[in-house]
Amino acid sequence: MSIEIRQIHPVFVGEVSGVDIAQPLSADDVAAIDDGMIRYAVLVFHDQQLTDEQQMAFTLNFGRLEDARGGNITKLEDRRLPVGMNDVSNLGKDGRPLERDSRVHLFNLGNMLWHSDSSFRPVPAKYSLLSARVVSPVGGNTEWADMRAAYDALDADTKTQIDDLICEHSLMYSRGSLGLTEFTEDEKAMFRPVRQRLVRTHPVTGRKSLYLASHAGAIIGMPTPEARILLRDLTEHATQPQFVYVHRWRPWDFVMWDNRRTMHRVRRYDQRYPRDMRRTTLAGDAPTVAQQVESATSAR
Ligand SMILES: [Fe+2]
């Protein structure tokens, strides 16, 4: 069996066949998948029946796991999945869909806004890998946008205008845009804004891409309304259909993507039905820009 990758969207996304990712991979297989990630940014696998342990083992072929703390409001004792797995289902610890008015559920709805995983962390994520265990019967597609193609398509003036801009990202911005504005002091500390370049350069290809997310709520040195209009305009540009791949999940589909070059979102689905999606996340290598140094004077 040898790996084959077929491009399934005009600008990115490869569909992979000829590999069982539940089994240990050869060095050649790992290299083929790594090459595919660089070339296509999103890889789709079908019929990959695997356990959490196998998913983590596959993931570790491509880097080290990101520390998941601080990325949500689920308490440790309420977690459904083992450490190392990000729970992006609509389920509670009892395996049933969360109540409609549960704060965790409402917070998790933020995944339906365009974002890049962990852009709210000083060192944002490299790859995310998502296994579909139980799919929603109604809705729940995931969409990815190619932020490199979107950057390339900008006019020269816009590129010049935005190339050196620095944004602030925080889960409080994305959730705030949904009307979730109340946070505990602990959450405020955990979700303190971090800085990210608006245009980032891929460490392997050297190509530039837009680095947007609904977590972005401010641009350094720019009045907030002006910044938010610019971010909205760029997001609207980047998520035009020619840059977007729509994935309709089947059970045991597996998708991995490069957060440094793509944004994604989940579409609405009927929350009465279980949707069990399990993600592993690889840590990034470096911040996109130096972070603000915390000091007594910076707080004034
Ligand atoms: Fe995500």
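Details
- Pair list, Cβ < 7 Å and 6+ apart or interchain, from the range 60-80 residues that are in contact (Cβ under 8 Å) with a residue 40 or more places away in the chain to residues that are part of a loop (DSSP other than H, G, I, E, B) and of a type in the set (A, V, I, L, M, F, W, C): Gly63/Ala283; Arg64/Ala283; Leu65/Ala283; Glu66/Ala125; Glu66/Ala283
- Among the residues listed as Ser118, Ser131, the single one being within 11 Å of the ligand (Cβ to nearest atom), modelled with pLDDT of 95 or more and closer than 28 Å to His202 by Cα: Ser118
- Residues that are within 24 Å of the chain's Cα centre (by Cα) and within 16 Å of Asp47 (Cα to Cα), drawn from the range 7-18: Gly14, Glu15, Val16, Ser17
- Filtering the range 60-77 for residues that are within 16 Å of the ligand (Cβ to nearest atom), under 24 Å from Arg250 (Cα atoms) and of a type in the set (A, V, I, L, M) leaves an empty set.
- Some residue of the range 243-265 being out of contact with any strand residue (DSSP E or B) (no Cβ under 8 Å at 6 or more places or on another chain) and under 20 Å from Ala41 (Cα atoms): yes
- Meets criteria (within 20 Å of the chain's Cα centre (by Cα), surrounded by fewer than 18 Cβ atoms within 10 Å (Cβ to Cβ) and within 23 Å of Gly70 (Cβ to Cβ)) for Arg192: yes
- Scanning the range 255-272 for residues that are polar (S, T, N, Q) and within 14 Å of the ligand (Cβ to nearest atom) yields Asn259, Thr262.
- For the range 90-104, the condition of being within 16 Å of the ligand (Cβ to nearest atom), surrounded by fewer than 20 Cβ atoms within 10 Å (Cβ to Cβ) and under 22 Å from Tyr173 (Cα atoms) holds for at least one residue.
- Note on the range 146-174: among residues that are out of contact with any Leu (no Cβ under 9 Å at 6 or more places or on another chain) and aliphatic (A, V, I, L, M), the one that is surrounded by the fewest Cβ atoms within 10 Å (Cβ to Cβ) is Ala156.
- Some residue of the range 112-134 being open to solvent by 40 Å² or more (accessible area, probe 1.4 Å) and over 19 Å from the mean Cα position of the chain (by Cα): yes
- Pairs with Cβ under 6 Å, 6+ apart, first in the range 170-193 and more than 12 Å from Ile73 (Cα to Cα), second at pLDDT 95 or above and assigned to a helix (DSSP H, G or I): Ser174/Gly110
- Residue ID - most open to solvent (accessible area, probe 1.4 Å), chosen from residues in the range 23-65 that are within 21 Å of Pro82 (Cα to Cα) and of a type in the set (Asp, Glu): Glu53
The values are calculated or read from the model by the stated rules, or taken from the named source; none is laboratory data. The model shown is predicted, which means the values in this text are computed figures rather than measured ones. With ideal geometry, Cβ positions are generated from the backbone for all residues, glycine too; neighbour counts draw on all protein chains shown. When the accessible area is computed, the model is the full protein with side chains, heavy atoms only, and any ligands, DNA or RNA have been set aside. Shrake-Rupley method; radii C 1.70, N 1.55, O 1.52, S 1.80 Å.
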